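Only one structure is covered here, and it is reproduced in the block below.
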């Protein structure tokens with residue numbers, strides 16, 4: 001069972017979930033692959049959720065570039081390897097799905113890596129918005145391309161977050 005709460009970000013409300021050992025998920029409203037909350041308990045005072053909300057507020061205020069949270073994503077070993085590689089992509093950097101596949105140790109599995117990226121349960125925290133097409137184009141984002149554009153604008157420091165969304 002997860003405990004959950006919500007966070008009002010500048011680009012839409014987020015659902016946050018805590019598992020037994022850390023943050024299990026961060027999803028936008030109407031995001032693809034959003035979980036069923038049946039059996040979940042609302043817990044705004046959960047310490048992991050409170051810490052995640054504070055760090056997300058700092059991120060959106062451009063005062064945080066890295067998250068320091070215990071994580072508890074649920075996925076296959078392959079998915080977790082991909083998510084670990086995504087987590088290593090630096091703030092303000094973008095890489096291609098091909099490069100992500102190489103960094104995840106699966107250079108011949110670009111489509112499977114892209115699918116695992118789309119299933120990332122820790123949006124923003126595990127920054128899959130930093131993964132782009134080979135030509136630098138914005139492709140695929142479970143939270144929507146407008147949000148991906150906004151997050152990249154936030155991190156580049158050159159754009160207005162809300163205007164990009």
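Details
- When the Cα gyration tensor is reduced to axis lengths a ≥ b ≥ c, the ratio a/c is 1.5 or higher for the range 3-60, and with a/b not above b/c it is classed as oblate.
- Extension gain, residue 135 to residue 91: 0.36 nm times the residue separation minus the Cα-Cα distance gives 13.9 nm.
- C-alpha center-to-center spacing [the range 108-125, the range 64-83] in angstrom: 11 Å
- Prolate/oblate/rounded label for the chain (Cα gyration tensor, a/c 1.5): oblate
- Note on residue 66 and residue 158: their simple-model spin labels are 2.5 nm apart, each label 7 Å out from Cα toward Cβ.
- Additional length obtainable on full extension of the chain from residue 112 to residue 33, 0.36 nm per residue less Cα span: 26.8 nm
- Added length on full extension, which subtracts the Cα-Cα distance from 0.36 nm per residue, residue 84 to residue 57: 7.4 nm
Coordinate-derived values only; no laboratory data. Model, not experiment: these values are computed from the prediction. Note: ideal-geometry Cβ built from the backbone for every residue, glycine included; neighbour counts use all protein chains shown.
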